[in-house]
Amino acid sequence: MSNDPFYIGEHCTFGACKTLDFLPITCTFCSQVFCKKHHTPLLHECQCVPEPKIATSSTAPAQPCSVCNLADVVNVTCEDCSRIFCMSHRTLEQHSCPSIEVKKKPKEIAPVVSTAKGTNLKRKGAKSLALERKVMLMKMKNKSSGPSSIPQTERIYLKVLTGDGGKQCFYHCSNVWSVGRAVDALADHMGLTNNNDKSGAEQLVMECREVILPMGKQLKTHTESGDTVTLRYLPPN
C-alpha cells in the first residue's frame with residue numbers, strides 16, 4: 001500500500017489482475033485484498049480455506065446461488081421467494097425477486113355501492129318481520145275504522161287499498177263475516193261503486209296475497225289481522 005495520502009484504494013492481489021479497487025475486499029481466510037471480481041475464496045483460488053466437513057444429516061452441503069450458480073461461503077435465503085443466493089445477489093433488486101411487483105401493486109379498493117335512501121340490503125330475519133308486523137297491527141288498531149259493535153275478540157284489522165292506488169284505509173271487520181259482506185262494508189266506507197248485485201256489471205272483489213278471495217267464504221279463513229287486501233274491479237263475464 002502506498003504511503004501517499006492522496007493514494008486511494010488497493011490493487012487486487014489475484015494473479016495478474018492488479019485491478020485498482022477503491023473498495024477492496026479482504027478475504028477472511030488468507031487476509032489478502034481483492035477486487036469485487038475475485039473477492040470470494042473460490043474466485044481467487046484461496047489456499048487457506050479449511051477442508052470442508054463431510055456432510056451429515058445435521059450439516060447440509062453448500063447450495064449454489066439461484067442467479068450465478070456459485071456456491072458462496074455464506075448463502076442467504078430470501079424470505080419472500082424462498083430461493084438461495086450468494087452475497088452479491090442477496091437483495092430483492094439484485095435477484096429480481098417476484099415479490100417486488102406484488103409489493104408495488106396498490107391494494108384494490110372495494111367499490112362503493114350506491115343505494116337509494118332507506119333501502120335495506122340485508123335480508124330481514126323472521127324476528128324482524130314479526131316485529132314489523134306487530135308494529136303495523138298496533139298502527140291499524142289505533143287508526144282503524146269499522147263498526148264499533150263488533151267485539152274486540154272478533155275483529156280482523158286490515159289495511160285496505162284500491163286497485164288504482166287512489167284510496168287506502170285501516171278497517172276492522174268481523175271474523176264471522178263472509179268476504180262478500182266485507183266487500184260491501186268497505187265499498188260503502190270508501191265510497192266505491194258496488195254493482196255486485198247487478199248482472200253484467202263490473203264486480204268489486206277482494207284480493208289478498210295476489211289471490212282473489214271467494215265471496216261466500218268466511219273472511220277469517222283467508223285473512224288475519226295485519227294483512228293488506230286490495231279492492232279491484234273485474235270486467236263482467
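FYI, it's all coordinate maths here, none of it is from the lab. If you're wondering where the values come from, they're calculated on a predicted model, not measured in any experiment.
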> Along the range 17-23, what does the Karplus equation 6.51 cos²θ - 1.76 cosθ + 1.60 (θ = phi - 60°) give for ³J(HN,Hα), rounded to whole Hz, x for Gly and Pro?
Replying inline: 5, 6, 5, 7, 10, 6, 10
> Of the cross-linked pairs Lys141/Lys220; Lys134/Lys159; Lys127/Lys220; Lys127/Lys217, which ones have a Cα-Cα span greater than 22 Å in the structure shown?
Replying inline: Lys127/Lys220; Lys127/Lys217
> What do you get for Rg/Rh of the range 142-201 when both radii come from the Cα atoms and Rh is the Kirkwood radius?
Replying inline: 0.99
